[in-house]
1. B:Leu165 is checked against (1) within 14 Å of chain A (Cβ to nearest Cβ); (2) over 16 Å from the mean Cα position of the chain (by Cα) and fails just one. What number does that condition carry?
2. Six or more apart or on different chains, Cβ under 7 Å: which pairs go from a residue in region A:409-435 that's in contact (Cβ under 8 Å) with a residue 12 or more places away in the chain and more than 19 Å from A:Gly331 (Cα to Cα) to one that's within 16 Å of ligand 3 (Cβ to nearest atom) and open to solvent by 40 Å² or more (accessible area, probe 1.4 Å)? Could you list them?
3. Counting just the residues of region A:382-394 that are assigned to a loop (DSSP other than H, G, I, E, B) and open to solvent by 50 Å² or more (accessible area, probe 1.4 Å), which one comes out nearest to ligand 4 (Cβ to nearest atom)?
4. Could you check how many residues of region A:385-426 are among the hydrophobic types (A, V, I, L, M, F, W, C) and near ligand 2 (Cβ under 10 Å from one of its atoms)?
5. How many residues are near ligand 4 (Cβ under 8 Å from one of its atoms) and under 24 Å from the mean Cα position of the chain (by Cα) when one looks only at region B:248-260?
6. Please determine, by comparing only the residues of region A:80-95 that are in a strand (DSSP E or B) and not aliphatic (A, V, I, L, M), which one is nearest to the other protein chains (Cβ to nearest Cβ).
7. Within 16 Å of ligand 4 (Cβ to nearest atom), closer than 25 Å to B:Asn115 by Cβ and open to solvent by 50 Å² or more (accessible area, probe 1.4 Å): does that describe B:Cys205?
8. May I ask you to say which residue of A:Glu286, A:Glu365, A:Glu322 is within 16 Å of ligand 2 (Cβ to nearest atom) and on the phi < 0 side of the Ramachandran plot?
Amino acid sequence: MLKTFSKGGVHPPENKFSADKPIEVLPLPKKVSIPISQHIGAPASIIVAKGDKVKVGQLIAKSSGFVSANIHSSVSGTVESITPVLDSSGYKRPAITIAVEGDEWEPTIDRSPNLKREISIDAQEIVKKIAEAGIVGLGGATFPSHVKLSVPDGKKAEVLIINGVECEPYLTSDHRLMLEKGHELMVGIQILMKALGVTKAMIGIENNKPDAIKYLTDISEEYQGVTVHALKVKYPQGGEKQLIKALINREVPSGALPIEVGAVVHNVGTAFAAYEAVQKNKPLIERVVTVTGKNLPKPSNFLVRIGTPVDELIEAAGGLPEDTAKVVNGGPMMGKAVSDISIPVTKGTSGIIVFPAKESKRKTEGLCIRCAKCVSACPMGLEPYLLIRMSQRMMFEEMEHEHVLDCMECGSCSFECPANLPLLDYIRLGKTEVNKIVRSRKN
Amino acid sequence: MNSIIVTAILVLGILGVVLAIVLYLVAQKFKVVEDPRIDQVEAVLPGANCGGCGYPGCRGFAEAVVKSDDLSALFCPVGGNDTMAKAAEIMGKTAEAKDPMVAVVRCSGSPEHRNRIVEYDGASSCKLATALYSGDTGCQYGCLGLGDCVAVCNFDAIYIDPETLLPVVDEEKCTACGACVKACPKSIIELRKKGPKGKRIYVSCINQDKGGPARKACKVACIGCGKCAKVCPHDAITIENNLAYIDYNKCKLCRKCVAECPTGAILEINFPPRKKKVEGQTENVETK
Ligand code: SF4
Ligand code: SF4
Ligand code: SF4
Ligand code: SF4
């Protein structure tokens, strides 16, 4: 039997319309807006001014702390304005808008397609390079990667786990990357292994991508210490804790990080970005984005410059179908509906999904029938039916005791609930409030 | 057989008496003597238990009144000055009279002024909606209209107007307990001085965007142009973050700012209709 994690999990219907669409390079947009806060942690501080000329790959906002990431220009042109623009939350946030002129790259970046296998620098330099390149977790969580590679004192990494699960229905960007950039990915993994000082790396891929499993297994023989593991299809296997449980059968304790059990998890996209940063000197300025939807004329996987307006992606995928009622940024399970499709693609944008009216409406809420389906669906072992009641009654301290902060916002509970209760919405609210309480306690 | 029953009755009976005595002694030993004035003060309070005073319930407030030497920091918004005077009398003090306050909603963005551009179909709670998105119009500051303020009001003093989709405060019923102020996640509601005969003037907008974007989002947004501050003869208006704010302590209700505001973001409440002449002036100002 195939391996998977043990607790909870659901089986949303799969809709990977774009699985066999090779990655296409999206034409340069006329203008990009690059938000300065595209990662978890402190926003970067802007180091360019209006009217400055910038090149592709030039640093335009500098990381402002350990948990923060550099931001580079994804295009060449003139800085048009530094004003807040709408982002995926619907709020305006500071961003640098650049009018595109030509496509002039920083001369230090190696743009040749040659595979470069030899890793010539040591662990410390690798981490530094990855930090300089502004790499963040590309699975959607956008945690600055250099932080994960800096193992805290007293802890030791034993194994590097590479997340090629892609458990969100609809999304195919990681799948395509594994098929098309296999060797680069492998070298990237070797780089991450060297940085962590581990000799073992395991790539976990769900069984619905047999082509990727086969291809990577074949080429993995050329790379020492890397093994590929097929996993049973079950959402949310892409969660760090679930993936660790599935692959090495260790359980990360509540509130602890994977390093506690000797593991470090990186996404395949992140490993590829590490390859480009270390071997090719290329900062994180573009990423693969799945643009899909049932009625979208041409579901696709695009290689997109960061800052490109989302409506251009949708245009390239055939344009918004008439019956569109909702556009979601991210996967259908964890993503969020956007209020405006002029928002820019950021480092965390893994997919854009266009939903027709029929599929987008929420169903009418009923009453909790105590079926406990939410409890068995929760991969973190929480009791969602209880948490929603507490959140509605503003019992945030009690929510903390019920480990609401362990909630990974996977949405399995809401997905399973026969009464259509907006469980996750209220749990999110509770998390925000509990975090406030925790912070005020620290001060 | 009989003797067993008798012994059982005896043993349990004696046990009962002994325990009763013990309990009585313990109760005596730990008896809490409460200041009788707490009851007296509580009796004059409205008994709404709304928490507007900052204490848990009216009894909590009564305890605070009895304990503190200085009453100036204590106020029952529901009972108002009369109640405070009575409470002070029990304590042998006098209470300073405070200006009556009322809740005001600082948003005028009805659908005719700001378009709804997306549709929200999540749970009906402003607090929840703010955690998810910025609102269904182009204005990220404005009222969400899902009525968290309505839900918390103990006095039935606030309701959502079905036409404007905005909350309306019933001045007669509003006690200024401040529950709605705390409940609104967008910080739209504020307590303001009720004013003589209920007359008030305030800026009904909290949009901090610059003029262009603010106006695009809502026709009646404050654009921070500062025209009101310039005309105000009493220095009552400050402009901060592209937003005007009227200090109710300085405002003399002359209404000059209302006529000057190019977007109509300043509201005048409970004034008699303007005379013809004044209206003529208003038009002049607008056509300038
Ligand atoms: S969203 Fe949170 S509570 Fe709900 S199933 Fe996922 S982890 Fe559990
Ligand atoms: S799944 Fe829904 S109905 Fe069932 S116990 Fe949980 S909250 Fe209640
Ligand atoms: S005033 Fe605030 S609490 Fe009341 S409906 Fe508007 S957003 Fe909600
Ligand atoms: S009404 Fe008169 S005094 Fe009051 S703020 Fe406006 S201009 Fe100033």
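The values are calculated or read from the model by the stated rules, or taken from the named source; none is laboratory data. Since we're looking at a predicted model, the values are computed, not measured. Note: ideal-geometry Cβ built from the backbone for every residue, glycine included; neighbour counts use all protein chains shown. Heads up: the accessible areas ignore ligands, DNA and RNA and are worked out on the full protein's heavy atoms, side chains in. Shrake-Rupley method; radii C 1.70, N 1.55, O 1.52, S 1.80 Å.
1. Just one mismatch for B:Leu165, condition (1).
2. Pairs found: A:Tyr426/A:Gln392; A:Leu429/B:Lys127; A:Leu429/B:Ala131.
3. A:Met394
4. Looking only at region A:385-426, we keep the residues that are among the hydrophobic types (A, V, I, L, M, F, W, C), and these are A:386-388, A:390, A:394-396, A:399, A:404-405, A:407-408, A:410, A:413, A:415, A:417, A:419, A:421, A:423-424.
Okay, now just the ones that are also near ligand 2 (Cβ under 10 Å from one of its atoms), so A:386-388, A:413, A:415, A:417, A:419, A:421, A:423.
Looking only at that region, the number is 9.
5. Residues meeting the conditions: 4.
6. A:Lys92
7. Judged against the criteria, B:Cys205 is not a match.
8. Every option except A:Glu365 fails the conditions.
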